[in-house]
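*Asks:* Take this structure, written in structure tokens, and hold onto it; I'll ask about it next.
A short reminder: the numbers here are calculations on the coordinates, not readings from a lab. Keep in mind that what you see is a predicted model, and the values were worked out from it rather than measured. Here the Cβ positions follow ideal geometry from the backbone for every residue, glycine too, while neighbour counts run over all protein chains shown.
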Ligand code: 8YV
């Protein structure tokens, strides 16, 4: 970019760390959502029409229809690893680069997966609610008896970077037997590093004491866990979803929890979030958190900075750090 050229215009759709906003403003004309207002799709489309780039948060639907209204747009940089908000085909056809924010959140998200597994298996929130309600009047030997974590069988569906980080925690931290199912089998060296054994999805669901979902959302992974899969699980099993809403059929899960067809579930993501299926709110054997698996200040800052690196890299130097569709891109570049 020549020094006299007008600076690219960037839309930031949500509030963000001041230092991230500051860094963006050193390079771009920035329109920020400082008040973290709830911009709907029309509002985002209106504000995006004259922009060159956008810092997005994994929830803004970037569709062919929206892109047709934004002729100057060259890049949408998600500060999330998941990118099911992007229609990648439409973005490529429109010549708009998509980037995500992988790696920087892997360990933090795996920590949370484990936190949710522990809380669910050992009934942490359920017993806390009992205590806060003043119901703890005496101890009993079977009070809030939960499921064993150490030495049990952990089944991971989706063995990408986060799945592998969870496997290492399970195998080396808790002496768990780790089995996994993935679209493609990992190479032998990675399996050894994670001490994980590849099995079919059916075998995993039947054998696991704890099933952990870390699979990206797509049409193919919609309702990876539904009525049939829940029926395969052990009645003593727990199910943890830190992947995306829609990977689990939440209505079917609520029914399975109510009827004790599985023991418990831990959910950080929900179909149609931030709405939560009302039946999930009425069953006690589920731990519910509001999509916070990557939520530490350091990790969220790193995710946002990686998104900024992508915007600067692409718009100022022609090369993004973590592009998703660079090879398929046409036009606008
Ligand atoms: C985000 C996530 O915090 O990166 C992802 O894909 O799911 C989380 O890390 C969340 O998407 C914020 O919307």
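*Asks:* Once every DSSP H run of n ≥ 4 in the chain is given -39500 (n - 2.57) and the sum is divided by its residues, what mean residue ellipticity at 222 nm do you get, rounded to the nearest 500 deg cm²/dmol?
*Replies:* -9500 deg cm²/dmol
*Asks:* Restricting to Cα atoms and excluding each atom paired with itself, what does the Kirkwood estimate give for region 224-318 in Å?
*Replies:* Final number for the Kirkwood radius of region 224-318 is 15.0 Å.
*Asks:* How would you classify region 1-59 from its alpha-carbon gyration tensor, with a ≥ b ≥ c the square roots of the eigenvalues: rounded for a/c under 1.5, else prolate if a/b is greater than b/c, otherwise oblate?
*Replies:* oblate
*Asks:* Quick one: work out the % antiparallel among DSSP beta bridges in the chain, nearest 5.
*Replies:* 5 percent
*Asks:* Can you give the FRET efficiency for residue 26 and residue 65, using 1/(1 + (r/R0)^6), R0 = 41 Å, r = Cβ-Cβ distance, to the nearest 0.05?
*Replies:* That gives a FRET efficiency of 0.80.
*Asks:* For region 37-80 and region 197-224, what is the separation of their Cα centres, given in Å?
*Replies:* 33 Å
*Asks:* Let me ask something additional. Multiplying the sequence separation of residue 7 and residue 187 by 0.36 nm and subtracting their Cα-Cα distance, what value in nm do you get?
*Replies:* 60.3 nm
*Asks:* Further question: May I ask you to derive the FRET efficiency for residue 206 and residue 40 from their Cβ-Cβ distance with R0 = 45 Å, giving the value to the nearest 0.05?
*Replies:* It comes to 0.55.
*Asks:* While we're on this one: Got the relative contact order for the chain handy, in percent, Cα pairs under 8 Å and 6 or more residues apart?
*Replies:* Reported as a whole number, the value is 19 percent.
*Asks:* What ranking, highest mean first, results for peptides 74-86, 125-137, 260-272 when packing means the other Cβ atoms within 10 Å averaged over each residue?
*Replies:* Final packing ranking: 74-86, 260-272, 125-137.
*Asks:* Let me see the P(r) profile for the chain: every Cα-Cα distance counted, bins of 10 Å, each bin given as a percent of all pairs.
*Replies:* With 10 Å bins starting at 0, P(r) equals 6, 24, 29, 22, 14, 4, 1, 0.
*Asks:* At a 10 angstrom cut-off on C-beta neighbours, averaged per residue, how do the peptides 152-161, 186-195, 22-31 rank from highest to lowest?
*Replies:* In descending order of packing, they fall as 152-161, 22-31, 186-195.
*Asks:* Mind listing P(r) for region 204-251? All alpha-carbon pairs, 5 Å bins, whole percents.
*Replies:* Once binned at 5 Å, the Cα pair distances of region 204-251 give 5, 23, 32, 26, 12, 2.
*Asks:* Determine how many Å³ per residue the convex hull of the Cα atoms of region 46-138 encloses.
*Replies:* 138 Å³
*Asks:* With the radius of gyration and the Kirkwood radius both derived from the Cα set of region 106-288, what is their ratio Rg to Rh?
*Replies:* So for region 106-288, dividing Rg by the Kirkwood Rh gives 0.97.
*Asks:* Enter the Cα centre distance for the pair region 113-158 and region 249-298, rounded to the nearest angstrom.
*Replies:* 15 Å
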